[in-house]
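> This structure is in structure tokens; I'll ask about it shortly.
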Amino acid sequence: MDDAKDSTSDATSFSFYSAFHNYPLISALVAFAVAQSAKLLTTWYKEKRWDAKQLIGSGGMPSSHSATVTALAAAIGFQEGFAGSTFATALILACIVMYDAFGVRLHAGRQAEVLNQIVYELPAEHPLADTRPLRELLGHTPPQVFAGAVLGVFIAIIGHLINKAGSQVSHGRTTLGH
């Protein structure tokens, strides 16, 4: 029984360790982190204040959703080829996420603005007058989505170059010698 438990924990630790070498996963996570950090810096630049909520919030420039899914799709394409079904799946997922970001979620945010204005104008005695405001910044404008997509592809390319250089070094080859 202990041998089965040991082999399970070995497999789990190996899988966990392998995740650190999963280039598409790392590219997607780095793209997300860079995009969210950029929002924090953009807010500081525009408003001269730090807003830590930008690190976890949705909306804003660039779209972290777009950056994440395009980095994932591009990294899969670089690693497994752009003609494969895994890349096709990731690309379709990226398109759906980006369409949702500047389509459905952008319009939902605009509707929240209108509803908040209606509630704000209600008389104080109205039962809904003290309703908590709806979140308005839900989606992205097309330029925010495009910027996120460009960022994601850029991160995937940088990751691909690092991954390629690392594999050449680990195999004892260098580009200088060949």
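The values are calculated or read from the model by the stated rules, or taken from the named source; none is laboratory data. Just so it is clear, the model here is predicted, and its values are computed rather than measured. Counting neighbours? That spans all protein chains shown, and the Cβs are built from the backbone with ideal geometry, glycine included.
Per-residue answers, yes or no, for (1) of a type outside the set (Val, Ile, Thr); (2) modelled with pLDDT under 80; (3) surrounded by fewer than 17 Cβ atoms within 10 Å (Cβ to Cβ):
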| position | (1), (2), (3) |
| --- | --- |
| 75 | yes, no, no |
| 79 | yes, no, no |
| 89 | no, no, yes |
| 101 | yes, no, no |
| 110 | yes, yes, yes |
| 117 | yes, yes, yes |
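> What's the number of the only condition in (1) under 22 Å from residue 27 (Cα atoms); (2) at pLDDT 70 or above; (3) among the hydroxyl-bearing types (Ser, Thr, Tyr); (4) surrounded by 12 or more Cβ atoms within 10 Å (Cβ to Cβ) that residue 58 fails to meet?
So the condition that residue 58 fails would be (2).
> Here is a follow-up. I'd like the residue in the stretch 142-177 that is assigned to a helix (DSSP H, G or I) and β-branched (Val, Ile, Thr) and, out of all such residues, is modelled with the lowest pLDDT.
169
> Also: If you check 71, 19, 35, which single one turns out to be at pLDDT 95 or above and surrounded by 10 or more Cβ atoms within 10 Å (Cβ to Cβ)?
Being at pLDDT 95 or above and surrounded by 10 or more Cβ atoms within 10 Å (Cβ to Cβ) holds for just one of 71, 19, 35, which is 71.
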